[in-house]
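Asks: Once you've had a glance at the structure underneath, I'll fire off some questions.
The values are calculated or read from the model by the stated rules, or taken from the named source; none is laboratory data. If you're wondering where the values come from, they're calculated on a predicted model, not measured in any experiment. Neighbour counts are summed over all protein chains in view; Cβ atoms, including those assigned to glycine, are modelled from backbone coordinates with ideal geometry. All accessible areas refer to the heavy atoms of the entire protein, side chains included, with ligands and DNA or RNA removed. Shrake-Rupley method; radii C 1.70, N 1.55, O 1.52, S 1.80 Å.
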Amino acid sequence: MSRICQLTGKKAIGGNKVSHSNMKTRRQFKVNLKRKRFYIPETGEWVTLRVSTAALRNINKKGISACLKEAKSKGVLA
């Protein structure tokens, strides 16, 4: 299973690690993912998702139903 947020579609990006002597080596910036269960009151069921911590903040702000609807409209969630 790849490290991709199921709501926002965030995934690892590449960049440079820069040392004190300004030497640059390639590295990856990975997404901070958490496995979380959410209760959807409209359907009355629990859903387990792997979401980024930024997506958790959006869920706390907007609600899980709005975030799921937005992810489906963007094509991130099937």
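Asks: Under 15 Å from the 7 Å Cα→Cβ point of SER73, by amide nitrogen: which residues of segment 36-63?
Replies: Once the point is set 7 Å along Cα→Cβ of SER73, 62-63 turn out to lie under 15 Å by backbone N, inside segment 36-63.
Asks: Another question about this same structure. What is the helix-to-structure angle for 64-74, meaning the angle in degrees between its Cα long axis and the longest Cα principal axis of the chain, kept from 0 to 90 and rounded to the nearest 10?
Replies: 70
Asks: Using a 1.4 Å probe over the heavy atoms of the protein chains, calculate the carbon and sulfur portion of the accessible area of the chain as a whole percent.
Replies: Heavy-atom surface of the chain belonging to carbon and sulfur, 1.4 Å probe: 51 percent.
Asks: A further question on this structure: Extending each Cα 7 Å along its Cβ direction at ILE13 and GLU45, get the distance between those two points in nm, one decimal.
Replies: Distance between label points: 3.4 nm.
Asks: State the label only: which of [x] 56, 22, 21; [y] 35, 19, 19; [z] 53, 34, 26 corresponds to Cα extents along the principal axes in Å computed from the shown model?
Replies: It is the value labelled [x].
Asks: For the pairs LYS36/LYS74; LYS30/LYS72; LYS17/LYS62; LYS24/LYS62, flag any whose C-alpha to C-alpha distance is greater than 29 Å. Please list the in-between numbers first.
Replies: On the way: LYS36/LYS74 21 Å; LYS30/LYS72 24 Å; LYS17/LYS62 35 Å; LYS24/LYS62 40 Å.
In this structure, LYS17/LYS62; LYS24/LYS62 lie more than 29 Å apart at Cα.
Asks: In square angstrom, what is the accessible area per residue of the chain with a 1.4 angstrom probe?
Replies: Roughly 77 Å² per residue, with all protein chains present.
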